[in-house]
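Down below is the structure, laid out as structure tokens.
FYI, it's all coordinate maths here, none of it is from the lab. Being a predicted model, the structure only gives us computed values, none of them experimental. Neighbour counts run over all protein chains shown; Cβ positions are idealised from the backbone, glycine included.
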Amino acid sequence: MDNLPQPFDPDAAVFPVSIAASLAEMHPQTLRGYDRLGLVVPQRARGRGRRYSLRDIAKLRHVQQLSQGEGINLEGIRRILALEDEVETLRDQVEWLGDTLRRLQSTGISRVFTADEHGSIHHGRYRARKPRQITWP
């Protein structure tokens, strides 16, 4: 059992351009172009050679689908990828906050974390207050 390989890391940069292009079903020059444009930026090996991960290859296929399947131009794809990254970051934060809240609730101590208008974070025991009416401009 100890001789079995560990699960493959999807972020391990192991594929050179030629293999990554084959796996993504693209021409190697397309990958180089996407790298120059900042759409899919692989890691670099010692000799400055590009090394792609499985996650990079999935992203290349996603870019290709957006471009060829949906007809979205490269600037639109750049914006979509940025928004998808932002959504993923926010999901991670929500998950972390949920885990933190569950941990605090399991201790029997309720806390409130607040931020003032300057961005300073304050925490303390929960005090029941009358809910404020929020009005939108």
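Model label points for Ser106 and Val41, set 7 angstrom from Cα along the Cα-to-Cβ axis, are 3.8 nm apart. All Cα-Cα distances of region 8-72, cut into 5 Å bins from zero to the largest, leave 4, 20, 32, 27, 11, 5, 1, 0 percent in each bin in turn.
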